[in-house]
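The values are calculated or read from the model by the stated rules, or taken from the named source; none is laboratory data. Predicted model only: the values in this text are computed from it and were never measured. For neighbour counting, all protein chains shown are included, and Cβ atoms are generated from backbone atoms with ideal geometry for every residue, glycine included.
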Amino acid sequence: METKLLTEFYHLDDFRGLNGYKANGGYAMLAKALKMQPQQIIDEVKASGLRGRGGAGFPTGTKWGFLPKNNEPRYLLCNADEGEPGTFKDRLMMERAPHQLIEGMIISSFAISSKKSYIYIRGEYDYPYQCLVEAVQEAYKAGYLGKNILGSGFDHDMDVYRGAGAYICGEETGMISSLEGLKGQPKLKPPFPAVQGYLRKPTIVNNVETLAAVIPILRDGATAYRKYGTEKSPGTKLFSLSGNVMKAGNYEVPLAYPLMDLIMKEGGGLRPGRKLKAVIPGGSSAPVLTAQECTQATLDYECLAQMGSMLGSGAVIVIDDSQCMVDLLGVLMHFYHHESCGQCTPCREGTGWLNKITHSILEGRGRLQDIDLLLRVADNMKGRTICALSDAAALPVISFVSKFREEFEFFVREGRSKVKGTTYAEMHY
Ligand SMILES: Cc1cc2nc3c(=O)[nH]c(=O)nc-3n(C[C@H](O)[C@H](O)[C@H](O)COP(=O)(O)O)c2cc1C
Ligand code: SF4
């Protein structure tokens, strides 16, 4: 069942504006937080076990604790790039509740003693961008941003920065470079942004949903937050459900929710007459699960990792038996090849070759040995690059080919899709 710690008021049209937000408890937690010691807030977030909702699931309180203990300026950077295919939860949050994100960011900034924060929003998100800009202006006028916020002596400024449509600018160090006006290319870690980030100063990068989750944690306390989910994956999470499902959309459920319940109950099941074939459980970078595996899967970091996949950004893409896995892999490989920033040879060349080989199979020019070549190229791309995009391209290939090999072999032998019965050209033109 949906459990709405973050999304309770999202159905109200006026929740977007300051008045509607305040009428439903908005900014009450900011007032409470400003009377606390910053360390108390960090301790509460640590105790809640909140894990970053941007993809890697790193514990938020622990990340905040990495900031050096000196008086250097610190920055908070909200990652609103949301480029992972299948993910559209941050967009909902920014459209329906921009003040919730702003409140979560001011509280988090107070906790980490940051006087300046940025929201880096994906270039294509025009309407959410407008919602955020309006909300930031409203927050300044109401005294929630600027000097001496609510008479507390705490000063904080916030800017909204628009990206230019590059997936790689969602990677935190690429995002920092982009914000600095440089090419959006990732940097080797360490140093991690918490030690040396924006303008070489300590910087915390957190996802939209992570920062908003600080509000219910402060409101209800860490213990109440931990009532949802599991010991290692506590709380609720928004899942973006898409693909071959009747009711695609965003659903907030407790972590460890059964994957099949999300599809069948919240999502209303599959289209009439269709059978489940596979699910990509955590955005396009997550290895695909077969229908059989889906029956065992729960939506938490541990279960999906044990199954060889990942929770990632929480984008659940449902694939029914009308879909051709070779065709789907072609779409993914085109994406990763296009989005590789090109700095690392295994990624630049590897994504290019994966795209070429998959498309040569799709276009009827494949050889049986190309199927193993896909696996070999993917294997050589893992764990050898500056950022995780290379792995994100390689892992889906390995799972698609190993779990649906007969579809790849059929395509090579017959020059057409086993599922659709048609050639690639007939499928698309
Ligand atoms: C290629 C790539 C793309 C990423 N895109 C996003 C993104 O769009 N949004 C996001 O929040 N995190 C993204 N991340 C993860 C960020 O680097 C970072 O881990 C995250 O923003 C940290 O926030 P969190 O701790 O709140 O999850 C991406 C990572 C990689 C490697
Ligand atoms: S892994 Fe790919 S995207 Fe990441 S830095 Fe290297 S070339 Fe760029």
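Of note:
- Subset of the range 175-201 (residues that are of a type in the set (S, T, N, Q) and within 13 Å of ligand 1 (Cβ to nearest atom)): 177, 178, 185
- Residue pairs meeting the criteria (Cβ under 6 Å; at least 6 apart or on separate chains; first in the same structural domain as residue 90 (by TED's automatic domain parsing), in the range 46-57; second more than 7 Å from ligand 1 (Cβ to nearest atom) and acidic (Asp, Glu)): 53/209
- Selection of the range 360-376 for residues being buried (at least 22 other Cβ atoms within 10 Å of the Cβ) and among the hydrophobic types (A, V, I, L, M, F, W, C) yields 361, 362, 374.
- Subset of the range 243-259 (residues that are assigned to a strand (DSSP E or B) and within 19 Å of the chain's Cα centre (by Cα)): 243, 249, 250, 251, 252, 253, 254, 257
- At least 1 residues being over 26 Å from residue 347 (Cβ atoms) and out of contact with any Lys or Arg (no Cβ under 9 Å at 6 or more places or on another chain) is the threshold, and among the helices (runs of 4 or more DSSP H) wholly inside the range 153-242 those reaching it are 208-220, 222-225.
- Looking across the range 359-382, the residues that are more than 14 Å from residue 409 (Cβ to Cβ) and assigned to a helix (DSSP H, G or I) come down to 359, 360, 376, 377, 378, 379, 380, 381.
- In the range 1-97, counting only helices (runs of 4 or more DSSP H) that sit wholly within it, the ones holding 3 or more residues that are among the aliphatic types (A, V, I, L, M) and at pLDDT 95 or above span 28-34, 38-48, 89-96.
- For the range 134-174, the set of residues classified as among the acidic types (Asp, Glu) and either within 12 Å of ligand 1 (Cβ to nearest atom) or in contact with a Ser or Thr (Cβ under 9 Å, 6 or more places away or on another chain) (or both) consists of 157, 159, 171, 172, listed by residue number.
- Listed by first and then second residue, the pairs linking a residue in the range 77-101 that is over 12 Å from residue 53 (Cα atoms) to a residue that is basic (Lys, Arg) and outside any helix (DSSP H, G or I), with Cβ atoms under 7 Å apart and 6 or more places separating them unless they lie on different chains, are 81/122; 83/122.
- For residue 61, the conditions (1) surrounded by 15 or more Cβ atoms within 10 Å (Cβ to Cβ); (2) more than 16 Å from ligand 1 (Cβ to nearest atom); (3) without any contact (Cβ under 8 Å) to a residue 60 or more places away in the chain all hold with the exception of (2).
- Residue satisfying all of: in the range 408-426; touching an Asp or Glu at 6+ places or on another chain (Cβ under 9 Å) and of a type in the set (D, E, K, R); farthest from residue 375 (Cα to Cα) among these: 420
- Of all residues in the range 237-267, those satisfying the criterion of being surrounded by fewer than 23 Cβ atoms within 10 Å (Cβ to Cβ) and either among the small types (Gly, Ala, Ser) or in the same structural domain as residue 33 (by TED's automatic domain parsing) (or both) are 242, 243, 248, 249, 256.
- Options 72, 84, 95: the member that is surrounded by fewer than 16 Cβ atoms within 10 Å (Cβ to Cβ) and either within 16 Å of ligand 2 (Cβ to nearest atom) or in the same structural domain as residue 25 (by TED's automatic domain parsing) (or both): 72
- Residue, surrounded by the fewest Cβ atoms within 10 Å (Cβ to Cβ), within the range 382-401, restricted to residues that are of a type in the set (S, T, N, Q) and within 14 Å of ligand 1 (Cβ to nearest atom): 385
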